Amino acid sequence: MPYALLDHIRKLPHGRATLKQLMRELSRTGVTRNELESELEKLAARGEVVETRSGQYVAVGANREYASGTLNVHRDGYAFVTPKTAIAGLRGDIYIPKDAAERAMHGDRVVVRIGRIEADGRAHGIPLWSANSAYGVQACLLSRTTSVSGNG
């Protein structure tokens, strides 16, 4: 069911859904609320959906707001994320400023919130979630006070 649920969310407008909406749409197939919440938690733990607010989910890569990929940290501290899947309108990797890149390690699989897209398709973002496969560590990097522009 996790991939069926993820595909269902991706097909919705902007790749967004609420728990209430999903219950209404999937209850006809016999899915219970506990099963749905469990599957959403698993998808969020793998970085395939982001819970933006309580009960509101966005499929990563379904729009230009969130992307997942591998973090490549430069020796000067800034980083780039190589998206796992191509995102329409983006060219190349996603730039991560130094202060945001310090919260994850080189090679981590991360989910990034894309904050700004330049006219030429270059994007700037902030990592929200990291899975360090080398150490088996998962960490939520979201800081509600951090902005993509670095203004706090």
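The values are calculated or read from the model by the stated rules, or taken from the named source; none is laboratory data. This one's a predicted model, so the numbers in the text were calculated from it and none came from an experiment. Positions of Cβ are backbone-derived with ideal geometry, glycine not excepted, and every protein chain shown enters the neighbour counts.
Table for the structure above
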| read-out | value |
| --- | --- |
| Every residue from region 1-30 that is of a type in the set (Val, Ile, Thr) and modelled with pLDDT under 90 | THR29 |
| Lone qualifier among GLY77, GLY55 - being surrounded by fewer than 19 Cβ atoms within 10 Å (Cβ to Cβ), out of contact with any Gly (no Cβ under 9 Å at 6 or more places or on another chain) and either among the β-branched types (Val, Ile, Thr) or not assigned by TED's automatic domain parsing to the domain that holds ILE126 (or both) | GLY55 |
| Any hit, region 11-32, residues being touching a residue at least 60 places away in the same chain (Cβ under 8 Å) and in a helix (DSSP H, G or I) | no |
| Pick from region 29-52, criterion among the hydrophobic types (A, V, I, L, M, F, W, C) and within 16 Å of LEU128 (Cα to Cα), ranking: surrounded by the fewest Cβ atoms within 10 Å (Cβ to Cβ) | ALA45 |
| Qualifying strands (runs of 3 or more DSSP E) (wholly inside region 87-152; at least 2 residues being buried (at least 17 other Cβ atoms within 10 Å of the Cβ) and modelled with pLDDT of 85 or more) | 94-96, 109-117, 123-132 |
